[in-house]
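To start, the structure under review is shown below, and the notes come after it.
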Amino acid sequence: MGVVYRAVDTKLDRRVAIKFLSAHLSADVEATKRFIREAKAASSIDHPHIGTIYEIDETGDGVTFIVMAYYPWA
């Protein structure tokens, strides 16, 4: 459903993970709603095994994305 990238939040100087809704699903209204529900559900849970959601937004060309905490592999 999405593609995840490691990135740097330049405003707060921290590593983050950015999950983009797959390009072929960006035009699908139901897929976008499901993606947003995923972000809302994850952000409502405070648990050590659930990543922190920082933001959900949309690019200039309409691709929805979630910015979340980055957890490096041990």
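The values are calculated or read from the model by the stated rules, or taken from the named source; none is laboratory data. All values reported here derive from a predicted model rather than from experimental measurement. Neighbour counts are summed over all protein chains in view; Cβ atoms, including those assigned to glycine, are modelled from backbone coordinates with ideal geometry.
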Inset, instruction - Just one of (1) within 11 Å of the chain's Cα centre (by Cα); (2) under 25 Å from W73 (Cβ atoms); (3) assigned to a strand (DSSP E or B) trips up G51, so point out which. - result: (3)
Legend entry - Single condition A17 does not satisfy, out of (1) without any contact (Cβ under 8 Å) to a residue 40 or more places away in the chain; (2) of a type in the set (G, A, S); (3) within 12 Å of Y54 (Cβ to Cβ): (1)
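Rundown of residues vs (1) in a loop (DSSP other than H, G, I, E, B); (2) at pLDDT 95 or above; (3) within 14 Å of the chain's Cα centre (by Cα), yes/no style:
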| position | (1), (2), (3) |
| --- | --- |
| R6 | no, yes, yes |
| T32 | no, no, yes |
| A42 | no, no, yes |
| D46 | yes, no, no |
Inset, instruction - Return a yes/no flag: does the range 53-74 have any residue that is within 14 Å of V4 (Cβ to Cβ), touching a Gly at 6+ places or on another chain (Cβ under 6 Å) and of a type outside the set (G, A, S). - result: yes
Inset, instruction - Taking R37 as the residue in question, decide whether it is at pLDDT 95 or above and surrounded by 10 or more Cβ atoms within 10 Å (Cβ to Cβ). - result: no
Legend entry - Residue list for the range 8-30, restricted to those being over 21 Å from P72 (Cβ atoms) and either at pLDDT 95 or above or in a strand (DSSP E or B) (or both): L21
